[in-house]
Structures are given as structure tokens and as C-alpha cells.
Amino acid sequence: MGSPVLSEISAPSVTPCAPDDRRPRDHARRQRTRVRITDALVARMDAFLVGRGQSLEKPVEIRDSHMIGLLLRRECTRRKTWHYGYSFQGRRGRAKVGNSPALDVNAARKAAKVLAAQVALGIDPVAERRKQRKEYAGEHTSPVYRLGTFVEGRYARWARAHLKSHRDAYSGDLDRLFRLKVTRHSAGSAL
């Protein structure tokens, strides 16, 4: 009735794993498997996840089997976002493609193909977006960016291409346009 002797304690037998042997790790791997994402699956994603035994209290991702790297992430707030996961120069990256109601499955796959093409050409999509965002922010927050520079620069180019009145003003008919506006205003006030 004392403690068991070391020889009496049976060591767990080590047997090779059979292909149908399910380990806890396989359960997690099975949940990460890719699924052919369709618009119907996106619409009933909550029921799909509950059917797989996953909690809706934490973020969950479903990976697409049709477009490798594309995944749909469901947040706790029920927001669904498309992402594209990739590997660039040995490091993993993830680029946001868009939100689920705004992008359907086919549009998300097309956008993911564009990102995949950038990676194939040696361009990191996330670094490229950061660079563009920084350039845009620098352009729009500099002290030079004022209403006058906007009107003389970007707006003037757009107006020359799209507004007939702007083309008339630049063609030398400025006095005619001014008289036309003055007569409209004076006729309106006289009534």
C-alpha cells in the first residue's frame, strides 16, 4: 500500500499515428482548411461558423480555396472584411481588399489577383500603399496646399476639360460671360 514502484507505472505506448487518427492539433488544422467562398456563404457566415463549432465572440477567418491567399475575416461586431495574405521576401504580409457588403466574392478575387500580380512583380502591396498614403498626406498637409493652389492647379485642369463655361472664359469671352451674369442678377432683382 505504499507508492507504486517505477516499474509498475506503465509508460504510454508509442505507436505510429494512423492516417485516420485525430489529434487535437488536427482539429485546429481542419478548421483552417480552405473553403470555396460564395456569396451565399458570406450571407450565412454566422450559421456556417457555428456549424463548425467556432465561437462568434472572437474574430474568425475563412480562407478561399479558389484564390489562394484570399480570406474573409469576421469580427466580433459582425463586420466582414476581405484580406489578401502573401509572402514577400521571406516575410508575411496582409493587405486589406475591402469590406464584405461593398465587395462581393468575384470583386474580392479580382482585387486579390491585382495584389498577387504586384507581389509577383516584386512590389510589396502594403509598402506601396503606405508610400502613396504618405505622399498624399504630404501633398495635402503642406502649407503650400491652399485654396488658391487648388483652384489654379487641380481644379483648373479639371475645369478646362469638363466645363464649357470654363473653356469660354479661357477663350477670351470673359467680358461676355460677366455681362451675361450681371444681366441675370439685375433682371432677377428688378422683378
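Here, each number is a calculation from the coordinates, and none is a lab measurement. Quick caveat, the model's predicted, so the values are computed rather than measured. All Cβ positions, glycine included, derive from the backbone under ideal geometry; neighbour counts span all protein chains shown.
Excluding residues on the same chain fewer than 8 positions from Lys96, give the lysines whose Cα lies under 23 Å from its Cα.
Result set, ordered by chain and number: Lys58, Lys80, Lys110, Lys113, Lys131, Lys134.
Can you give the FRET efficiency to the nearest 0.05 for Thr149 and Phe88, using r as the Cβ-Cβ distance and R₀ = 41 Å?
Numbers: r = 37 Å, r/R0 = 0.90.
FRET efficiency, Thr149 to Phe88: 0.65.
Efficiency by 1/(1 + (r/R0)^6): what FRET value for Arg78 and Lys134, r their Cβ-Cβ distance, R0 = 41 Å, to the nearest 0.05? Please list the in-between numbers first.
Values: r = 32 Å, r/R0 = 0.79.
Computed FRET efficiency for Arg78 and Lys134: 0.80.
Which of the lysines could be linked to Lys164 by a straight reach, that is with a Cα gap under 18 Å, when you skip same-chain ones fewer than 8 residues away?
Lys181
Would you kindly state how much longer the chain becomes between Ala102 and Leu121 on full extension, computed as 0.36 nm times their sequence separation minus their alpha carbon distance, in nm to one decimal? Walk me through the intermediate numbers first.
Working: separation 19, 0.36 × 19 = 6.84 nm, distance 2.77 nm.
Length gained between Ala102 and Leu121: 4.1 nm.
State the extension gain, in nm to one decimal, for the chain segment bounded by Leu56 and Ala156, taking 0.36 nm per residue of separation less the distance between their alpha-carbons.
Working: separation 100, 0.36 × 100 = 36.00 nm, distance 5.17 nm.
Extra length available between Leu56 and Ala156 comes to 30.8 nm.
Below 9 angstrom from the Cβ of Leu72, what's the summed charge of the other residues (Lys, Arg +1; Asp, Glu -1)? Could the numbers behind the result be given before it?
Values: positive: Arg63, Arg73, Arg74, Lys80; negative: Glu61, Asp64.
Neighbour charge sum, excluding Leu72 itself: +2.
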